[in-house]
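Okay, so here's the structure we're looking at.
Read-outs: derived from the displayed coordinates by stated rules, not from any lab. Computed from a predicted structure; not experimentally measured. Cβ placement follows ideal geometry from the backbone for every residue including glycine, while neighbour counts extend to all protein chains displayed.
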């Protein structure tokens with residue numbers, strides 16, 4: 001039985017989709033694609049900004065130390081929800097590491113992993129990331145709740161959510177640095 005050219009093309013497409021969707025090759029292809037389509041995060045228009053009223057957000061870091069967002073009220077806070085199994089999350093990690101390296105303790109960074117602790121620890125070690133990773137030990141404040149990953153919030157000193165971004169973004173862009181510098185100088 002001889003296969004027609006159209007059948008061979010269909011089989012090739014099905015195989016390519018299978019590789020893309022269901023194999024580690026596909027995961028890496030998705031990460032690369034998300035790096036290519038990453039956009040610059042855009043601040044929320046002032047009239048549309050939400051206010052973080054509930055800072056009571058209990059967390060525990062990767063070493064087991066407890067933290068509460070309440071302790072950082074009045075500071076510029078950067079919160080990123082992510083997971084190791086999420087290609088857009090993995091795609092934006094190099095830029096997030098560069099941003100963290102630039103600002104260190106000037107901005108309070110919380111990289112909240114929605115994943116298993118051992119997987120996160122292995123991922124961080126393998127990639128040589130030193131981001132401050134946390135896990136939830138209490139309920140997420142309603143204003144910060146999201147089911148999509150990655151989701152990132154930047155909160156100003158007054159508690160206004162000035163950036164609420166879902167999807168991979170170029171976090172080391174000049175516009176992000178300008179925004180953070182402006183928020184730090186307020």
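According to the Kirkwood expression over distinct Cα-Cα pairs, how big is the hydrodynamic radius of segment 40-184, in Å? Show your work: numbers first, answer last.
Values: mean 1/r = 0.0656 Å⁻¹.
Final number for the Kirkwood radius of segment 40-184 is 15.2 Å.
Just report the Cα centroid separation between segment 88-138 and segment 53-86, whole Å.
11
Taking the beta-carbon count within 10 Å as an exposure proxy, list 78, 51 from fewest neighbours to most.
51, 78
What's the exposure ranking of 112, 155, 62, 9, going from fewest to most Cβ atoms within 10 Å?
Details: 112 20, 155 29, 62 16, 9 11.
The fewest-first ordering by Cβ neighbours comes to 9, 62, 112, 155.
Can you compute the FRET efficiency between residue 142 and residue 13 using 1/(1 + (r/R0)^6), with r the Cβ-Cβ distance and R0 = 35 Å? Round to the nearest 0.05. Before the final figure, lay out each step's value.
Details: r = 44 Å, r/R0 = 1.25.
So, using R0 = 35 Å, E works out to roughly 0.20.
Work out, step by step, the length gained on full extension between residue 181 and residue 66: first 0.36 nm times the residue separation, then minus their alpha carbon distance; give nm to one decimal.
Separation in residues times 0.36 nm, less the Cα-Cα distance, equals 38.6 nm.
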